[in-house]
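The values are calculated or read from the model by the stated rules, or taken from the named source; none is laboratory data. Owing to the predicted nature of the structure, the values given are computational and were not obtained by experimental measurement. Here the Cβ is made from the backbone with ideal geometry for all residues, glycine too, and neighbour counts use every protein chain on show.
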There are 2 protein chains.
Amino acid sequence: MPLIFWLVPLGSLMALGFAYYFFRQMMSASEGTDQMKKIARHVREGASAYLRQQYKVVIIVFLVITVIFSFLAYGLGVQNKWVPFAFLTGGFFSGLAGYFGMKAATYASARVANACRTSLNSGLRLAFRSGAVMGLVVVGLVLLDISAWFIVLNLLIPEAMDGYKLMTITAIMLTFGMGASTQALFARVGGGIFTKAADVGADLVGKIEAGIPEDDPRNPATIADNVGDNVGDVAGMGADLFESFAASILATALLGAAAFIGYGTEIQTKAVIAPMVIAAIGTLLSIAGVFMVRTREGAGQKELLRSLGFGVNMSALLIVVASFLVLYLLQLPNYLGLWGAIVTGLLAGIAIGQSTEYFTASAYGPTRKIASSSQTGPAPLIINGVGTGLISAAVPLFIIAVAITLAYSFATGFSFDVGKLNYGLYGIGIAAVGLLATLGITLATDAYGPIADNAGGNAEMCGLDPEVRRRTDALDALGNTTAATGKGFAIGSAALTALALLASYFEEVRMMFVKFLDRPLELINGIPAIEASFMDFVTHYEVHLMNPRVIVGIFLGVMSVFVFSGMTMNAVGRAAQKMVGEVRRQFLSIPGIMEGTTDPDYARCVAISTREAQKEMMLPSLIALLIPVIVGLLFGVSGVAGLLIGTISSGFALAIFMANAGGAWDNAKKYIEEGHFGGKGSEGHKAAVIGDTVGDPFKDTSGPSLNILIKLMVMAAVVTVGVAVSYSML
Amino acid sequence: MPLIFWLVPLGSLMALGFAYYFFRQMMSASEGTDQMKKIARHVREGASAYLRQQYKVVIIVFLVITVIFSFLAYGLGVQNKWVPFAFLTGGFFSGLAGYFGMKAATYASARVANACRTSLNSGLRLAFRSGAVMGLVVVGLVLLDISAWFIVLNLLIPEAMDGYKLMTITAIMLTFGMGASTQALFARVGGGIFTKAADVGADLVGKIEAGIPEDDPRNPATIADNVGDNVGDVAGMGADLFESFAASILATALLGAAAFIGYGTEIQTKAVIAPMVIAAIGTLLSIAGVFMVRTREGAGQKELLRSLGFGVNMSALLIVVASFLVLYLLQLPNYLGLWGAIVTGLLAGIAIGQSTEYFTASAYGPTRKIASSSQTGPAPLIINGVGTGLISAAVPLFIIAVAITLAYSFATGFSFDVGKLNYGLYGIGIAAVGLLATLGITLATDAYGPIADNAGGNAEMCGLDPEVRRRTDALDALGNTTAATGKGFAIGSAALTALALLASYFEEVRMMFVKFLDRPLELINGIPAIEASFMDFVTHYEVHLMNPRVIVGIFLGVMSVFVFSGMTMNAVGRAAQKMVGEVRRQFLSIPGIMEGTTDPDYARCVAISTREAQKEMMLPSLIALLIPVIVGLLFGVSGVAGLLIGTISSGFALAIFMANAGGAWDNAKKYIEEGHFGGKGSEGHKAAVIGDTVGDPFKDTSGPSLNILIKLMVMAAVVTVGVAVSYSML
């Protein structure tokens, strides 16, 4: 094992260590008054109850899938025998990360509110470092699992001819991503339905019917709403990016093993560990970045944003330098080109974040225009939001298209020759790793959002001093911006990761095909024979655009995306309706709620959200898991290939559309509340509240769930590749 | 020329003759009172003024494109020299069809209202036969142009070896579809923006602010709204289906020439004329079907629907029998399989229509659920509509996926062998022809909708007897149902046509490639050599899913769809806002409007809609025309192939989503107005009006415009194929 590999376990331990340090630091802060403690406990208990319930369901699903994988591996022999174990550990670690992150967030909220009683700076630091717990736990556990498996498999898998050992190891490790994917699916879909059922339900009765403000303790659904922020935005987002981080590294490792299979074990090993090491370095730099975030008292929103941005940007800048050093030290062939691919990925991530900000922040034209159309009522506001959302999806699609072209070109030395395809695919993979390298700190800024939001809710519910609430509001407003760019980042990373996974799907099929051909792996004109067989593979499996199975697959891929997002959307509608019924019931039947003399029954609202989320998440999840297998059985490899690219391209577009339209409506409402176009209470404001409510499931349920869908369907295809290859009917 | 070919010009002349007969019949009916004449004249003049303005813009666009095509043909030599002429005639005939259809519709409305003063039956017959003018003019002119070009080119194109003569002829004729496409683009986009700017504008001020009913003569935008029905739903729909009809026949002719190129001229000719003859027979049966539509006085909506359905279904049933006879007489190889493909196409069209009805009619669960969610306000209603619309898109995607698989399998004798690919593509083409065979009568039921709508408007504005208005309302309600299924039919036919066009794109590239290889066209193991070269072609142009250019192309295709529909959506928002300003201005500044003593300035509202539509349609149209060329220049054939499949699949899905969501909101509102969930004037009704207004640009602007986009982009790629082949950069 090259010495540099040990940076990976080191990065993992450092991340986990600092996560623990930040967690202890946060826990040592005071939680404030008894009232603050009580509210925080309600939220914490609700979130834990939800997560326990969710994990119960997930464990059953995992057991079923493990049985299936065991049958495929030990019964039919079309899967590697390690797969069930890798699948289980992936799921376990992802679940653990979500649990820790959510714990930290729910412990932090009251403490952040309390810290704001001292100063804005201490509030910001506490909130951000509590968010960093989540970020560092996620990257730490991913790197831990990866390094442990890599070491173990290196010892246990027997040596094989022609670099097949590393191919086998990386192929097994990739199925670790399937566990993370499955866990993330339930976290995003279930959490997304939970949070928006509570939020929409609370808004519909509280804000619109009863006319009480947001986060008012008289609203029975307000605790459920706060719980939702934690299970949806913290645990869900964490599981989502856990998976992207893991899958991008593992897919790239496999692509590296395949690309350099004819170059001898030393170079091949370097190509395999390169993405791991870059991720580890990124993790170390993220920790450094966390320490750079601080602000002065009385800072405005711009200044706060700048101080967060400083930490993130410094980490990104340093990773540009550090990744060059890593690649230089590894002396991989064309290391300069690979470095270009990494920088491309990083820049693509930043550009997508910028475009998200442009389309959703009220500082820019699009959101202001949406706000202005509130003057003619809710219908024009919604038409305008949908129109702008659709247009906004075009920009990241374009960015990813450019990024693919550049990353591929850099990695192949600007050649589109099929003989260099392998290097190009590795380039796309490593671009995804570059995009995600600074995840530790990016995720910290994401998780910061709901923590600040909850701190504001706590301050509001406990009736803290106006000055304190001004400070929590400042932190919350900042959180909305980081949440929006974070969403763009999450979707962009999902798309690039899914493409890297798609490439590794092709590599896995091709490996089977090459084994089947039994070609020796000698060089032909300096190109390994395995590359020369690329077109044979295309010919054999007919993964070309004239094959009707490919076309049918693409149509079915788009179909999956639409039906999945429609179902999650309707799930929120149904669950919110139940919540509305419950809140109305409590207002009518519990005397003294509106006067504030009796506490509403918060727990019942949490229970309703929990039950509905669990019920509603099953069918869409089943679709995501089963369709790739069914298409594989019917149409074989070519159908699956079409299915995946159809899912990735349309799912990515729909996800951006939904996230941006929802974000823009949210901020248009806030812009009006700041006093524009009539301000709070005007007809325009009412229209904007409707738009905001419509946008809730767009941006927090269906949109983010699509991130998982596009990765999970590829993952499911990757791990059941043997089925499509051996048992396809048409 | 085989004798049976002469059915094509015969069908054309019969269609045009009966169109004229129905037109004269309609013109001989009385237009009613002076007031009725006045209102009808306003609408007619407004529609003519709009169409004149639109044709002025379109003529300029046509001249520019003709110059470009002439340069490509005569300057660079990468295009056939006939292309500019075929392009011009296609555009001319499509424009002519739109003009006649709209004339007939605007002459008919007052006459239908007047006929309803006599009886429901005479109203229905008059309205339906006036719609049939449009239907028959469209199919008649398509068949006229096709048969004329086919005869002329057969005489003028010199004989060539190995069936290349028919390849050349069909390739030239296909560019006739490009003219129709371009014309349709402006008709759909411009007409769609016009009609919804007027409709939304009229509703926002009239219904919501001033509280006056729809079609109230006091509303200044009401004439513009009625004009819009004619330019959008009649002329726009006609141009759309003109193109589908033409393109499906022409693409299939080309696919037939390619599939049977090694079989000698006789069989090849039969394969080429088969789609034309089937379309001609369908036209004759459509005329028969028109005569079968009649109803008894006092018929309920179900009975009315049944009488329309009887005509359409009888035509469809007869075409099943007749197409079998045609194929039997032609004695094409595997004629039974081809007949299976035709029946598949027909059934797919019916199934898509049924699914549209299920998801949008208030007789079924989905729309009722949307209506019921109005009880918790506009936000849940919109969330529910979006969710249901997304799910509803899955069904037609699935239907088309099944139809492709079946049509392909029937045509190849259930083989997915690459050697039979050609026959399979021909099968997909002929399925599209089957779907569209009964267009004459289907389009009559579509055009009937806006005629009945306008008749109702005329009756309302002229304050006719309640009994008469009850009758026009019955006709109008029926029109809403036929409009919804008609939309499904239009989108389904667009998708299948676009796929047939995509197949012919591949054939055109392959022809260039085969010429370039200079292979003789003898049989190899019974398979013509040109088929054996399919995989060579795939290899050469790398149209496979591992090629990054294909992936980038797919992303750019999805991007085009999203940006195009977002732009058309926002265009309606902006134009409606202008209309709102004008209507508000008139209410304030013209005294006596609200009392009904002074006429509002109708013409000014028509002028605003016209100006805005012309202004707003340019940019999205430019995108549709330029992107295929730019992608071809950058990424070559493989990039274009990806672009097209990305556009078709995601555009189809988004179009269905938008059409169905919009239709469901519309009918949910009507369902509430019938007295459910609180009825007219309730809070739920207000919510439903908001939903309906949001749905207007969904279902009548962006959705239908996507039909054109998916066909036009393929067309643009087909006619500029020489550019992508000869000048691509990467």
Inside the range A:540-568, can you point out the residues that are more than 7 Å from chain B (Cβ to nearest Cβ) and under 17 Å from A:M658 (Cβ atoms)?
-> A:S560, A:V561, A:F564, A:T568
Residue check, A:A184 touching a Lys or Arg at 6+ places or on another chain (Cβ under 9 Å), within 21 Å of A:T252 (Cβ to Cβ), crowded, with 24+ Cβ neighbours inside 10 Å and of a type in the set (A, V, I, L, M, F, W, C) = yes
Only one of B:S392, B:S409 that is surrounded by 19 or more Cβ atoms within 10 Å (Cβ to Cβ) and more than 30 Å from B:T269 (Cβ to Cβ) | B:S392
Can you confirm whether the range A:477-497 contains a residue that is modelled with pLDDT of 90 or more and either within 12 Å of chain B (Cβ to nearest Cβ) or surrounded by fewer than 19 Cβ atoms within 10 Å (Cβ to Cβ) (or both)?
-> yes
Residues in the range A:384-422 that are at the interface with chain B (Cβ under 8 Å from one of its Cβ atoms), touching a Ser or Thr at 6+ places or on another chain (Cβ under 6 Å) and over 14 Å from A:A661 (Cβ atoms): how many?
-> 0
Please find, within the range B:572-596, the residue that is nearest to A:V543 (Cα to Cα) out of those that are more than 8 Å from chain A (Cβ to nearest Cβ) and buried (at least 24 other Cβ atoms within 10 Å of the Cβ).
-> B:A575
In the range A:311-332, the residues that are at pLDDT below 90 and either exposed (fewer than 14 other Cβ atoms within 10 Å of the Cβ) or of a type in the set (V, I, T) (or both) = A:V312
Which residues, counting only those in the range A:69-118, are outside any helix (DSSP H, G or I) and surrounded by fewer than 18 Cβ atoms within 10 Å (Cβ to Cβ)?
-> A:G77, A:V78, A:K81
Matching option when the condition is buried (at least 18 other Cβ atoms within 10 Å of the Cβ) and not aromatic (F, W, Y), among A:L16, A:L63 = A:L16
Failed criterion for A:I267 (all others in (1) modelled with pLDDT of 90 or more; (2) hydrophobic (A, V, I, L, M, F, W, C); (3) surrounded by 24 or more Cβ atoms within 10 Å (Cβ to Cβ) hold) | (3)
Qualifying residue in the range B:605-619 (condition: within 14 Å of chain A (Cβ to nearest Cβ), surrounded by fewer than 18 Cβ atoms within 10 Å (Cβ to Cβ) and more than 26 Å from B:E45 (Cβ to Cβ)) = yes
Residues in the range B:338-355: is at least one buried (at least 21 other Cβ atoms within 10 Å of the Cβ) and within 9 Å of chain A (Cβ to nearest Cβ)?
-> no
Kindly provide the set of residues from the range B:289-310 that are part of a loop (DSSP other than H, G, I, E, B), among the hydrophobic types (A, V, I, L, M, F, W, C) and surrounded by fewer than 20 Cβ atoms within 10 Å (Cβ to Cβ), ordered by number.
-> B:M292, B:A299
Consider B:V321 carefully, then state whether it is closer than 12 Å to B:R125 by Cβ and either part of a helix (DSSP H, G or I) or not acidic (D, E) (or both).
-> no
Would you please name the residue that is nearest to B:S28 (Cα to Cα), looking only at residues in the range B:119-138 that are among the hydroxyl-bearing types (S, T, Y) and surrounded by fewer than 24 Cβ atoms within 10 Å (Cβ to Cβ)?
-> B:S122
Counting just the residues of the range B:425-457 that are of a type in the set (S, T, N, Q) and touching a Gly at 6+ places or on another chain (Cβ under 8 Å), which one comes out nearest to B:A341 (Cα to Cα)?
-> B:T438
Of the residues A:L381, A:L397, which single one is of a type in the set (A, V, I, L, M), closer than 24 Å to A:N480 by Cβ and at pLDDT 95 or above?
-> A:L381
Is at least one residue of the range A:428-451 aliphatic (A, V, I, L, M), closer than 28 Å to A:A717 by Cβ and within 12 Å of chain B (Cβ to nearest Cβ)?
-> yes
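Residue-wise test of (1) among the polar types (S, T, N, Q); (2) assigned to a loop (DSSP other than H, G, I, E, B); (3) under 18 Å from A:A571 (Cα atoms).
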{"residue": "A:A171", "(1), (2), (3)": "no, no, no"}
{"residue": "A:L185", "(1), (2), (3)": "no, no, yes"}
{"residue": "A:R188", "(1), (2), (3)": "no, no, yes"}
{"residue": "A:G192", "(1), (2), (3)": "no, no, yes"}
{"residue": "A:K196", "(1), (2), (3)": "no, no, yes"}
{"residue": "A:G201", "(1), (2), (3)": "no, no, yes"}
{"residue": "A:I212", "(1), (2), (3)": "no, yes, no"}
{"residue": "A:D215", "(1), (2), (3)": "no, yes, no"}
{"residue": "A:N219", "(1), (2), (3)": "yes, yes, no"}
Output the number of the condition that B:M461 fails; it satisfies all remaining conditions of (1) within 30 Å of A:P378 (Cβ to Cβ); (2) touching a residue at least 12 places away in the same chain (Cβ under 8 Å); (3) at the interface with another protein chain (Cβ under 10 Å from one of its Cβ atoms).
-> (3)
hydroxyl-bearing (S, T, Y) and either within 13 Å of chain B (Cβ to nearest Cβ) or surrounded by fewer than 24 Cβ atoms within 10 Å (Cβ to Cβ) (or both), is that true of A:S638?
-> yes
Can A:G387 be described as touching a residue at least 60 places away in the same chain (Cβ under 8 Å) and under 30 Å from B:I382 (Cα atoms)?
-> no
Residue selected from the range A:534-553 under the condition among the charged types (D, E, K, R) and in contact (Cβ under 8 Å) with a residue 24 or more places away in the chain, by the criterion surrounded by the most Cβ atoms within 10 Å (Cβ to Cβ) = A:R549
Scan the range B:60-87 for residues that are touching a residue at least 40 places away in the same chain (Cβ under 8 Å) and touching a helix residue (DSSP H, G or I) at 6+ places or on another chain (Cβ under 6 Å) and report the count.
-> 9
